[in-house]
Amino acid sequence: MCGIVGYIGKRQAYPVLIKGLKRLEYRGYDSAGVALITDTKGLEVYKTKGKVADLEEYVKDKDVSGTIGIAHTRWATHGEPSSTNAHPHISCSGNLALIHNGIIENYTVLKEALQRHGVVFKSSTDTEVLVQLIDYIQQHVGTDLLTAVRLALRQVIGAYAIAILDRNEPNQIIAARKSSPLVIGVGEEEFFLGSDASPIIEYTDKVVYLDDNDIAVLRRGAKEAEFINFDNEKIEHDVKTVDLNLGQIEKGGYPHFMLKEIFEQPQALQDCMRGRVNVEANNVVLSAVIDYRKELLNARRFIIVACGTSWHASLIGKQLLENICQIPAEVEYASEFRYSNPVIDSRDVVIAISQSGETADTLAAIQLAKERGAFIFGICNAIGSSIPRATQTGCYIHVGPEIGVASTKAFTGQVTVLTMLALALGKARGTIKNEDYVRLVQELDAIPEKMKKVLEQNDRIRDISRVFTYAHNFLYLGRGYNYPVALEGALKLKEISYIHAEGYPAAEMKHGPIALIDAEMPVVIVATQNPLYDKLMSNIQEIKARGGRVIAIVTEGDEKVKALADEYVELPKTVECLEPLISTIPLQLLAYHIAVQKGKNVDQPRNLAKSVTVE
Ligand code: G6P
């Protein structure tokens, strides 16, 4: 949801900024811009509609000298994508350039007040009000930039990560954060800024994560960044070492991040389980369960809050927690939960699931649950992000950076953590028989190898996808643990191929979707040999009887379903509750290949953003 980059130091800023924008393009890509204090002309701003590559093209013949600059890639909220609405925004005086990620909620009030004082706005964004307000304070109160920023932010309601350049103070960048992520990279007499650490790690592994209401001053030649709050009090921050390497954020020979991330899943799950699943000792250990045993074991109820793909993982988590721990679990869309006046108290444990750790709705749901006294457990991927910092405890999924906008390895990582959580709690509560526990630990440990077997069928899935690119609608069916997999498969297809797809519990087909079935609408059905196998077989018969075309996800060697289906993909056998970890993979690959066949931009699907930091 908008990417921010900044640089001040001895290097030429422009190449650092452009590279950084490319790394952050997953956050938004409808327009991009850069502001530089150049060697000759002072403050220069170049911006254009389109992707970072379009910005590069636009800037080709321009002066890109200078060792200080800020840059932005946008996902529009207020104001259509256009070069005028692109960031950086310039103040009336022409002195200031500002980039912003977030939403200014009271921008109308502020804008009208500034307009009454003669300020002329150029764009239709909420962001412009920030730069005009800071400029107005500078001009009329006669303060330096830092004071003007501090005074301005005290009047602003909303979420923001911002960075500002002042042509009259060319040796500093000022940045600030509230509810939107911002990281500072600390190099040798140079500083970097990023919405996450990915634009920074090429140059330094030393970072500072800003907290809400922090203002940072990055001065040329300084060894350390300075931090103050809105009351002008000094803030101390530890410099952290970020454990991320370039290989993790590059495509590594794959045509798309999404495909790379799908193929990374066996390794990602091993990383997720490392030090937690001990197959020799037949044990699962989660430090959060040791540290917060009382809160978790005595939970009256789990309420899982999440959005998008993380919400689908939550539906699987509900079944795992109820079946293995015998504790009631509910799943809520974070966006609904936050406005729902929920009946919760200190006996409830709220589990917040988020890949990015920055989703605004999930953060707001956590805030509400906290206010009502619930214990909050986070399941996140992005280390140091806002959700892990807002929760009492939790587990990282440790699957490495996920860059493709359509989530893949984060989903299986989330389901793995939920499985480990259910096993650790179930054992401690005595709600799972020892033999079942041992079997599940063994089977969980074997999942990465089974995933590889599914991935080996990639070519076959690509061939299947070629047959179905004609379709305008798809139906995805599954039951039990595989019902959320059907939802996730449909979401993947919608997100990247723009084909309409619906996920349904297979038995519900007869209550509506069956009316849609004809030769034009492919039906993907997860029909593995689990307790509801016979019923799934009947569903396939019902589809075939109506001329429907079936792509079945079947258990290895199941000749019966293979003979019935038009196309099939085989899955190695595993226990029912772990099936989502492997049954999801063919659906990810199917969506990927259909989107590629249709010539869609898989890693940057239209209108979407990876990290939704606005409501
Ligand atoms: C966006 C992304 C989805 C993601 C959802 C929740 O919509 O495009 O892929 O599932 O946000 O994100 P989170 O980071 O909270 O898991």
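The values are calculated or read from the model by the stated rules, or taken from the named source; none is laboratory data. Just so it is clear, the structure is predicted and the values come from calculations on it, not from any experiment. Heads up, the Cβs are rebuilt from the backbone with ideal geometry, glycines too, and the neighbour counts pull from every protein chain shown. The accessibility values were calculated without ligands, DNA or RNA, using every heavy atom of the protein model including side chains. Shrake-Rupley method; radii C 1.70, N 1.55, O 1.52, S 1.80 Å.
Here are the numbers:
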read-out: Tabulated pairs, the range 50-73, first open to solvent by less than 30 Å² (accessible area, probe 1.4 Å), second assigned to a helix (DSSP H, G or I) and of a type in the set (Asp, Glu), C-beta under 8 angstrom, 6+ apart or interchain; value: Val52/Glu25; Thr73/Glu25
read-out: Any strands (runs of 3 or more DSSP E) falling wholly within the range 149-260 and containing at least 2 residues that are in contact with a Gly (Cβ under 6 Å, 6 or more places away or on another chain) and crowded, with 18+ Cβ neighbours inside 10 Å; value: 158-166, 191-194, 206-209
read-out: Only listed residue being open to solvent by 10 Å² or more (accessible area, probe 1.4 Å), part of a strand (DSSP E or B), away from the ligand (no atom under 11 Å from the Cβ) and of a type in the set (Val, Ile, Thr), chosen from Val343, Val331, Val349; value: Val331
read-out: Residues of the range 1-35 satisfying the condition of being at pLDDT below 95 and assigned to a loop (DSSP other than H, G, I, E, B); value: Met1, Cys2, Gly28, Tyr29, Asp30
read-out: Count of residues meeting criterion [within 20 Å of Arg466 (Cα to Cα), surrounded by fewer than 24 Cβ atoms within 10 Å (Cβ to Cβ) and among the β-branched types (Val, Ile, Thr)] in the range 485-516; value: 1
read-out: Count of the range 32-70 residues which are farther than 19 Å from Glu169 by Cβ and out of contact with any His (no Cβ under 8 Å at 6 or more places or on another chain); value: 18
read-out: Cross-chain or 6+ apart pairs with Cβ under 9 Å, the range 358-386 first and at positive phi and small (Gly, Ala, Ser), then in a loop (DSSP other than H, G, I, E, B) and within 9 Å of the ligand (Cβ to nearest atom); value: Gly384/Gly357
read-out: Qualifying positions in the range 583-601 - buried (at least 24 other Cβ atoms within 10 Å of the Cβ) and either over 23 Å from Val485 (Cβ atoms) or β-branched (Val, Ile, Thr) (or both); value: Thr584, Ile585, Ile594
read-out: Where Val120 falls short, out of the listed (1) in a helix (DSSP H, G or I); (2) open to solvent by 10 Å² or more (accessible area, probe 1.4 Å); (3) of a type outside the set (Gly, Ala, Ser); value: (1)
read-out: Count of residues meeting criterion [open to solvent by less than 10 Å² (accessible area, probe 1.4 Å) and more than 12 Å from the chain's Cα centre (by Cα)] in the range 352-385; value: 9
read-out: Helices (runs of 4 or more DSSP H) completely within the range 262-326 that count 3 or more residues being within 16 Å of the ligand (Cβ to nearest atom) and under 30 Å from Asp459 (Cα atoms); value: 265-273, 308-320
read-out: Qualifying residue in the range 144-160 (condition: under 16 Å from Leu210 (Cα atoms), in the same structural domain as Lys223 (by TED's automatic domain parsing) and among the hydroxyl-bearing types (Ser, Thr, Tyr)); value: yes
read-out: Filtered residues of the range 551-567 (kept if buried (at least 22 other Cβ atoms within 10 Å of the Cβ) and not in a loop (DSSP other than H, G, I, E, B)); value: Ile551, Ala552, Ile553, Val554, Val561
read-out: Count - residues of the range 437-460 that are surrounded by 14 or more Cβ atoms within 10 Å (Cβ to Cβ) and either acidic (Asp, Glu) or without any contact (Cβ under 8 Å) to a residue 40 or more places away in the chain (or both); value: 2
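Rundown of residues vs (1) at pLDDT 95 or above; (2) over 27 Å from Thr359 (Cα atoms), yes/no style:
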{"site": "Val64", "(1), (2)": "yes, yes"}
{"site": "His78", "(1), (2)": "no, no"}
{"site": "Asn106", "(1), (2)": "no, no"}
{"site": "Gln115", "(1), (2)": "yes, yes"}
{"site": "Glu128", "(1), (2)": "yes, no"}
{"site": "Ala148", "(1), (2)": "yes, yes"}
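A quick yes/no check of all residues on (1) of a type in the set (Asp, Glu); (2) assigned by TED's automatic domain parsing to the domain that holds Gly308; (3) farther than 30 Å from Tyr592 by Cα; (4) away from the ligand (no atom under 13 Å from the Cβ):
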| site | (1), (2), (3), (4) |
| --- | --- |
| Ile379 | no, yes, no, no |
| Ile387 | no, yes, no, no |
| Gly400 | no, yes, no, yes |
| Gly404 | no, yes, no, no |
| Gly426 | no, yes, yes, yes |
| Ile432 | no, yes, yes, yes |
| Asp436 | yes, yes, yes, yes |
| Leu440 | no, yes, yes, yes |
| Pro448 | no, yes, no, yes |
